[in-house]
Amino acid sequence: MMQAKKIAKNVYWVGAEDFNVRSFHGYKTGRGATYNAYLLTGEKTVLIDSVKKTFTDEMLQRISSVTDVKNIDIIISNHAEFDHSGAIKTVADISGAQVYATAAGVKTLKNLYGDMDFHAVAAGETLSVGEFEFAFLPTPMVHWPDNMVTFEKKNKILFSNDAFGQHLSSSNIFDAEISLEISLAEAKKYYANIVMPFAPQVKKALDAAKSLSPAIIAPSHGVIWTKHIKDIFALYDDMTSGKKLDKAVIVYDTMWGNTEIIAKQIGAEFERKGKQVIYANLQTVDRSDLMADIAEAKFLCVGSPTLNATIMPSVAAFLNYAAGLKPPALSYIAFGSYGWGGGAIKQICEILDKAGYTKLGEVGCIYRPENLNLDFMDGIE
Ligand code: FEO
C-alpha cells in the first residue's frame, strides 16, 4: 500500500508520482511529474487538492495510511484543472466533504463533475477547521481564472498550487533532498512553459507569497520548498521582472543543411560581439526545452527553409508555441534558404511582428549560403 509522507505535525503529502509521463500537453517532461495533494488531520480532516483522475487509487491508498477517507470533512480546491481536481468528486462522494474553492473554481468544478457541497471563498477570507486556520488568496491566471493559494497559519505553510511548481518526479519530496540545480532548472522551465504569459499576475502572487513569510511552500507539482525558499523567490523575481541576458537563441530546421550554415554564421557574428549563443535544431531539440532560455534572451533568431512556399512544420509548431507563451521583449532575426520563390522568411516575420517583437533583419539565400549579407548586425550591441 502507498504511504503518506509527513511534512509537518499532522500534515502529510498524499499525492502521486507520474514518473513515466514525458509529455504534459506538449511540454516535454523529461523527469516525469508529481501531482501533490495534502492531508491535514486532527479534530477535523482536510484534503488540499487532489491528483489526476488515473492516480485516484494511489492517492486514496496514501490517505488510508493515515485515516479513513470517510473522515475527510473539508476539501480545499486551489485549482480546478484536471491534474489537481481529478479525484475530488470521488473523495466527496465517499466522505460527504464540503468543497471550498473560489467562485470561478466552484463554477468550473460543477461544470466538470456535477454537484458537490460547494462553498465559494473570497479574497482574504479565513476558515478555522479544528486546530488549523486557513487564509485564501485568489491568484487568477496562475494558472487559470479559478486559481487561489491557501495559507495554513499554524505551520506557516503556503499551499501554492501551480506557482513555484516543477515537473519533477522524485520519491524525495523536499527541496533539501535533491540537487538545487535540478529543482531550480525545472522550476524555471515550468515557469517559462506554463505561467509566463501571465507574468503580471504571477508577480502579484509572488508579492503576496513573500508577505506571508512562509516556512514551507507546498506546490502542486514537484518538490516542497523548505530550505531554498529564498532561491525560488529569487528565481520568480528574475522571471517576472523580464530581466534579460546578453544571449541569442538560434532556432531552426534545415532541409539540406543550408539553413543550418546560415544559423552558424549568424551565431558566429553574435559570438564575435561577446554574446552567449544557443543553437537549437528543431529536429533534435524539443521546443519546451528552449523556453526558459528564450525568456531571458535579448535575441531570438528563427530559421526555416522554404517548403511549399511556407515554413517547415517544425518551425510553425515552434513559433505557434513560443508566441503563445509571450516571452518578454525580444529582438529577432529571420533567416532561411530557398530554391526559387521563397516564402519562409516572410512567414516568420509576419508571426514575430504580430507577436510584437522588434525585427533586426533578415537573411536568405538561394540554395547555397554564399556571400551572406549580415551588415544589419553591425549595430547590435
Ligand atoms: Fe497543474 Fe494548471 O495545473
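The values are calculated or read from the model by the stated rules, or taken from the named source; none is laboratory data. Keep in mind it's a predicted model, so treat the numbers as computed, not measured. All Cβ positions, glycine included, derive from the backbone under ideal geometry; neighbour counts span all protein chains shown.
Scanning the range 52-70 for residues that are in contact with a Ser or Thr (Cβ under 8 Å, 6 or more places away or on another chain), free of Cβ contacts under 8 Å to residues at least 60 places away in the same chain, farther than 20 Å from residue 115 by Cβ and more than 16 Å from the ligand (Cβ to nearest atom) turns up 60, 67.
Looking at the range 35-48, can you tell me whether even one residue there is under 14 Å from residue 166 (Cα atoms) and within 16 Å of the ligand (Cβ to nearest atom)?
At the first step, the residues of the range 35-48 found to be under 14 Å from residue 166 (Cα atoms) are 35-36.
Applying the additional criterion that residues be within 16 Å of the ligand (Cβ to nearest atom) yields 35-36.
Within the range 35-48 (the criterion being under 14 Å from residue 166 (Cα atoms) and within 16 Å of the ligand (Cβ to nearest atom)), the answer is yes, since at least one residue qualifies.
Pull out all pairs, ordered by first then second residue, where Cβ-Cβ is under 6 Å, the residues are six or more apart or on different chains, the first lies in the range 346-360 and is hydroxyl-bearing (Ser, Thr, Tyr), and the second is not in a helix (DSSP H, G or I). Going by the 6 Å Cβ cut-off, the qualifying pairs are 357/330; 357/332; 358/331.
Among the residues of the range 45-58 satisfying the criterion of being among the polar types (S, T, N, Q) and assigned to a helix (DSSP H, G or I), which is surrounded by the most Cβ atoms within 10 Å (Cβ to Cβ)?
Among residues in the range 45-58 that are among the polar types (S, T, N, Q) and assigned to a helix (DSSP H, G or I), the one surrounded by the most Cβ atoms within 10 Å (Cβ to Cβ) is 56.
Among the residues of the range 129-177, the one identified as among the acidic types (Asp, Glu), touching a strand residue (DSSP E or B) at 6+ places or on another chain (Cβ under 6 Å) and either at pLDDT below 95 or within 16 Å of the ligand (Cβ to nearest atom) (or both) is 146. Can you give me the number of residues within the range 356-373 that are modelled with pLDDT of 95 or more and of a type in the set (A, V, I, L, M)? Going through the range 356-373 one residue at a time, the tally reaches 2. Return a yes/no flag: does the range 160-173 have any residue that is surrounded by fewer than 23 Cβ atoms within 10 Å (Cβ to Cβ) and part of a helix (DSSP H, G or I). No, because not a single residue in the range 160-173 is surrounded by fewer than 23 Cβ atoms within 10 Å (Cβ to Cβ) and part of a helix (DSSP H, G or I).
Just one of (1) surrounded by fewer than 23 Cβ atoms within 10 Å (Cβ to Cβ); (2) closer than 25 Å to residue 5 by Cβ; (3) away from the ligand (no atom under 16 Å from the Cβ) fails for residue 209. It is (1). Sub-7 Å Cβ pairs linking a first residue in the range 137-148 that is of a type in the set (Phe, Trp, Tyr) to a second residue that is within 11 Å of the ligand (Cβ to nearest atom), at least 6 apart or interchain, are 144/79; 144/80; 144/81, ordered by first then second residue.
In the set 93, 83, 73, only one residue is more than 14 Å from residue 140 (Cβ to Cβ), assigned by TED's automatic domain parsing to the domain that holds residue 55 and within 16 Å of the ligand (Cβ to nearest atom); that residue is 83. Can you confirm whether the range 18-27 contains a residue that is away from the ligand (no atom under 16 Å from the Cβ), without any contact (Cβ under 8 Å) to a residue 60 or more places away in the chain, more than 26 Å from the chain's Cα centre (by Cα) and not in a strand (DSSP E or B)? Looking through the range 18-27, none of the residues is away from the ligand (no atom under 16 Å from the Cβ), without any contact (Cβ under 8 Å) to a residue 60 or more places away in the chain, more than 26 Å from the chain's Cα centre (by Cα) and not in a strand (DSSP E or B). Scan the range 178-198 for residues that are away from the ligand (no atom under 16 Å from the Cβ) and touching a Pro at 6+ places or on another chain (Cβ under 9 Å) and jot them down. Correct list: empty. Taking the range 333-347 as the range and being touching a helix residue (DSSP H, G or I) at 6+ places or on another chain (Cβ under 7 Å) and either within 20 Å of residue 308 (Cβ to Cβ) or not assigned by TED's automatic domain parsing to the domain that holds residue 259 (or both) as the test, the residues that pass are 334, 335, 336, 337, 338. From the list 300, 282, 352, the one residue that fits, being more than 21 Å from residue 376 (Cβ to Cβ), surrounded by 20 or more Cβ atoms within 10 Å (Cβ to Cβ) and modelled with pLDDT of 95 or more, is 282. For the range 59-94, filtering for residues that are over 17 Å from residue 35 (Cα atoms) and part of a loop (DSSP other than H, G, I, E, B) leaves 6. Of the residues making up the range 104-123, just one is crowded, with 17+ Cβ neighbours inside 10 Å and part of a loop (DSSP other than H, G, I, E, B), namely 116.
Looking at residue 101, is it assigned to a strand (DSSP E or B), more than 24 Å from residue 228 (Cβ to Cβ) and within 16 Å of the ligand (Cβ to nearest atom)? Yes, satisfied. Scanning the range 255-265 turns up no residue that is at pLDDT 95 or above, within 30 Å of residue 50 (Cβ to Cβ) and of a type in the set (Ser, Thr, Tyr).
Residue 274 falls short of the stated requirement of being under 30 Å from residue 345 (Cα atoms), modelled with pLDDT under 95 and of a type in the set (Gly, Ala, Ser). Scanning the range 124-136 for residues that are exposed (fewer than 15 other Cβ atoms within 10 Å of the Cβ), in contact with a Lys or Arg (Cβ under 8 Å, 6 or more places away or on another chain) and part of a loop (DSSP other than H, G, I, E, B) gives a single hit, 131.
Counting only residues that are basic (Lys, Arg) and assigned to a strand (DSSP E or B), how many does the range 342-379 have? Residues in the range 342-379 being basic (Lys, Arg) and assigned to a strand (DSSP E or B): 1 in total.
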